[in-house]
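The values are calculated or read from the model by the stated rules, or taken from the named source; none is laboratory data. These numbers were taken from a predicted model, which means no experiment stands behind them. Cβ coordinates were reconstructed from backbone atoms using ideal geometry, including for glycine residues, and neighbour counts include every protein chain displayed.
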Amino acid sequence: MVRKFGISGFDVVTARDGAQALDYLDHLDPSPSVIWLDHYLPNMNGLEVLKNIRNSDNWKNIPVFVVTNTSDEKAYEDYLEDGKTYFFVKAEVSLDNTIEKIKKILDK
């Protein structure tokens with residue numbers, strides 16, 4: 001996946017869990033143009049990470065793309081509350097299609 005994003009023109013920084021992702025965000029300069037977030041993360045799930053992102057003046061407007069294998073409609077609704085978060089079920093969309101959707105959103 002990282003390789004595919006790199007080939008598609010993205011600079012990629014990866015984190016092993018939600019806490020590390022938030023720590024990386026604190027130190028990235030400039031802030032990322034997009035955040036790719038899995039729902040299932042160790043120590044802190046994707047929704048908890050997203051809430052931290054949306055509560056930060058520095059990151060609150062960054063588009064966040066959440067991927068998961070869950071089809072839990074409640075989780076889906078929670079993620080989409082802010083209008084800047086996009087939710088993808090891994091089994092329903094290919095990585096190529098997801099990358100194209102990300103590029104279209106960033107071009108707006």
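Here is how the numbers come out for the structure above:
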item: Cross-chain or 6+ apart pairs with Cβ under 6 Å, region 1-17 first and in contact (Cβ under 8 Å) with a residue 12 or more places away in the chain, then surrounded by 10 or more Cβ atoms within 10 Å (Cβ to Cβ); result: V2/V12; K4/L95; F5/V12; S8/I99; V13/Y24; D17/L41; D17/P42; D17/N43
item: Close pairs (6 angstrom Cβ cut-off, 6 or more residues apart or separate chains): assigned to a helix (DSSP H, G or I) in region 85-108, among the small types (G, A, S) anywhere; result: I99/S8
item: Residue match in region 59-66 (condition: within 15 Å of G18 (Cβ to Cβ), part of a helix (DSSP H, G or I) and either at pLDDT below 85 or touching a strand residue (DSSP E or B) at 6+ places or on another chain (Cβ under 7 Å) (or both)); result: no
item: Complete set of residues in region 91-101 that are at pLDDT 90 or above, surrounded by 11 or more Cβ atoms within 10 Å (Cβ to Cβ) and either among the polar types (S, T, N, Q) or touching a helix residue (DSSP H, G or I) at 6+ places or on another chain (Cβ under 9 Å) (or both); result: I99
item: Residue pairs meeting the criteria (Cβ under 8 Å; at least 6 apart or on separate chains; first under 20 Å from E77 (Cα atoms), in region 26-49; second of a type in the set (S, T, Y) and in a loop (DSSP other than H, G, I, E, B)); result: H39/T70; Y40/T70; G46/Y40
